[in-house]
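Here's the structure, in structure tokens; my notes come after.
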Amino acid sequence: MKKILFLLGLISCSYVQAQNNGSDFGAAISDDELVNANFQDQLFVDSVEHLKINFANKAQLLQSGLFVGREVDSIVSYRSKYGYFYSVEEMQALDMISIDRLEKLKIVLSFEIPISMNQVVDFKKTSGSVIARISAPFSNSNGVEEWNYNGSKYREAIGLKLNVSEKVNFVLNAEKDAGEAFQFTKKVKGFDFISSHLTLKNIRSINKITFGDYQIQLGQGLVIWQGMSLGKTSDIVTIRKQEIGIKDYNGMSEFGFFRGVAIDYQIKKIKITNWISYKNQDATIYSDSLNGDYIQSIKTDGYHRTDLELEHKNSMKQMVVGSACSMLVRNTTIGLNSVFTSNSITIKPNIDYYNYYAFKGKNSFNQSISYSGTRSNFNYFGEIAIDENLSPALVNGIIASIEKNFSVSLLHRYYSKNYFSFHSNAFGENSKVSNENGFYIGGNYTYNKKIQLSAYYDLYKFPWLKYQINMPSYGQDYSLQFMYTPAKTSSISLRYHQTKNQKEVIESDVHTSDINESTTRSLRFQFRTEINRIQITGRYDLTFLNQQAKESGMLAYLDVQYKPMLKPYSFSMRASVYRTDSYSTRMYSYQSDLPGSYNLGAFFGNGEAIYLMVHYKPARNLHVWVRGSRALSYLQLADNKKVFPEYEVKMQVAYHF
């Protein structure tokens, strides 16, 4: 069996090379820091694909980059005395880790309990869930509203999840967006989007094998990283990606995952991951006599509400074959990663100067060497990658616990202007991993367990042109945050953030453009407290933009959550108000939503919003969530103020068995 798996790994690696030679969640982290995190709505919140807090030893906890030395010692000591952690709430007993920090970490922690590798699958130990979700928007107070889409205004989703002995997992999700029709055609089978996977775990040498939809997360994201990813935040440890490998896909997005087979297995000290995917992609097909059929980009929004959008659905085929091998050498894990991508139609981007080095063709091939390790209180990590044209990209970083109360992080990145990967998602200012050089430094200092200072500075430049910037440019970004935590249930924070970069300014009178500096300064005050099971959070934001003209923005909200003990209900609500001069001074606000949904809206103009969400448990295994919201936006006219109301009601029902 081991020989067969080893040959499979070698065949996959050689196949990738041969093909190439033959062809071309929340509120704990600042809202504006979550904009590029790439959240995806899902019905089933999967918490077992991240750092397994009950599996990891001291070296692995340090190597994860999520904890510094003193925090690791407290985790190991607790487990030796009291056993496993069963929830993030249980980790609140650790004096070295504050509740605010645990709130940040809970989205990347797993509380899975170790089981035997050879444990027999017991179908009597079967559990599962059935979930249904619906959302209905309403707007336009005069009752007359145009709707030019094929389907209804409702967004609907259903899902089924089955677990057998923690070794077999099956998920089936189906979803339609607002405006999409429920129909049976060649391209649509009832619901517009259907996703499923079957996963088997811990079968002899096989750690995991997934059939269906999945994501791959390797290294530091230079070659491939699908799904959620944090970058610059007030917590310096988020600069390092925690490699997962194969991740079951539970999302509702129709882009950013693979469809096929993925396997993770162990041969002695070598861990091997292989995958193959063959998936349809949306795109607009163009044609001319010189190039034949081609596309300018892959369509990623997943909307199929009109006949034209349906025409673009599944118009391109994409095959991806990949392999990764990793091995622990002393205190360092070294990995080799390869990904080959082949599209059925040529990609030819717009003819613009900034696209001079952009990818053109059908096939791409990427390889990288990644590493991560620990030495004393130092955690080092990085990745070095090349594409089929030998264009390089590299990122290297270190997180160090200098003293008991002081930690620092450093990261350098160099992404050449012509490096390209279809699936990359690494630390940086750009949305693409190319045309960027930068250096980041951050630090955390804790005094008396109650006062914490966090700061970072990031300096970057773009050697080639960018969209709407017709020359090489640069920028800098820094943040300073003070947090006071008098008790585990209360905190006060003050943050100053400044971004300075270059923007193109078009002179309409002379039809020319120039590059000017743009500076954005923001100040945030936030508090959190809990009184008799009622948690209250308040925030006040100010933003000032100095570009051609000075602009400003303001956002304030009050959030209340009530979770009574031994009661079958709980609720949360928020009231907010915002005032901004334009979209350039927009404000971000992360809001509580249905489980698995992420609501991070950009507010601009003048308006106010309120929502109320109720969770009720009418029976032992039955959960019901209802969320209602109202948003009012104002337009000031010459003689009066016009109000534009929008309403939305969401409901989710889950039955666990």
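The values are calculated or read from the model by the stated rules, or taken from the named source; none is laboratory data. Since the model is a prediction, treat every value here as computed from it, not as a measurement. Heads up, the Cβs are rebuilt from the backbone with ideal geometry, glycines too, and the neighbour counts pull from every protein chain shown. Protein only, heavy atoms only, side chains kept; ligands, DNA and RNA dropped before computing areas. Shrake-Rupley method; radii C 1.70, N 1.55, O 1.52, S 1.80 Å.
What distance in nm lies between label points placed 7 Å from Cα along the C-beta direction at D288 and D307?
With each label placed 7 Å out from Cα toward Cβ, I get 2.8 nm.
Quick check: net charge around F85, other residues with Cβ under 14 Å of its Cβ, Lys/Arg +1 and Asp/Glu -1?
With Lys, Arg at +1 and Asp, Glu at -1, the net is 0.
Could you tell me the convex hull volume per residue, in Å³, taken over the Cα atoms of the chain?
Output value, Cα hull per residue: 183 Å³.
Can you compute the charge dipole magnitude of segment 274-400 about its Cα centre, using +1 on each Lys and Arg Cβ and -1 on each Asp and Glu Cβ, nothing else charged? Give it in debye, rounded to the nearest 20.
About 500 debye.
State in Å² the accessible area per residue of the chain; use a 1.4 Å probe, count heavy atoms of protein chains only, and round to the nearest integer.
Per-residue accessible area for the chain comes out at 49 Å².
For segment 148-192 and segment 208-240, what is the separation of their C-alpha centers, rounded to whole Å?
25 Å
How large, in percent, is the carbon and sulfur part of the accessible surface of the chain at a probe radius of 1.4 Å?
57 percent
For a protection proxy built on the mean count of beta-carbon atoms within 10 angstrom, sort 548-558, 589-599, 235-245 highest first, please.
Output ranking for 548-558, 589-599, 235-245: 235-245, 589-599, 548-558.
Shape verdict for segment 344-421, please, from the Cα gyration tensor: rounded (a/c under 1.5), prolate (a/b greater than b/c) or oblate.
Here segment 344-421 falls in the prolate category.
Go ahead and estimate [θ] at 222 nm for the chain from helices alone: -39,500 (n - 2.57) per DSSP H run with n ≥ 4, summed, over the residue count, rounded to 500.
-2500 deg cm²/dmol
Report, in debye and to the nearest 20, how large the dipole of the chain comes out about its Cα centre when Lys and Arg carry +1 and Asp and Glu carry -1 on their Cβ.
In total the dipole reaches around 2520 debye.
In debye, nearest 20: dipole of segment 241-307 around its Cα centre with unit charges on the Cβ of K, R (+) and D, E (-)?
So the dipole magnitude of segment 241-307 works out to roughly 600 debye.
For an R0 of 25 angstrom, estimate the FRET efficiency from the Cβ-Cβ distance between Y583 and D514 and round to the nearest 0.05.
Between Y583 and D514 the formula returns 0.70.
Using protein chains only and a probe of 1.4 angstrom, how many square angstrom of E103 are accessible, to the nearest 10?
Solvent-accessible area, nearest 10 Å²: 70 Å².
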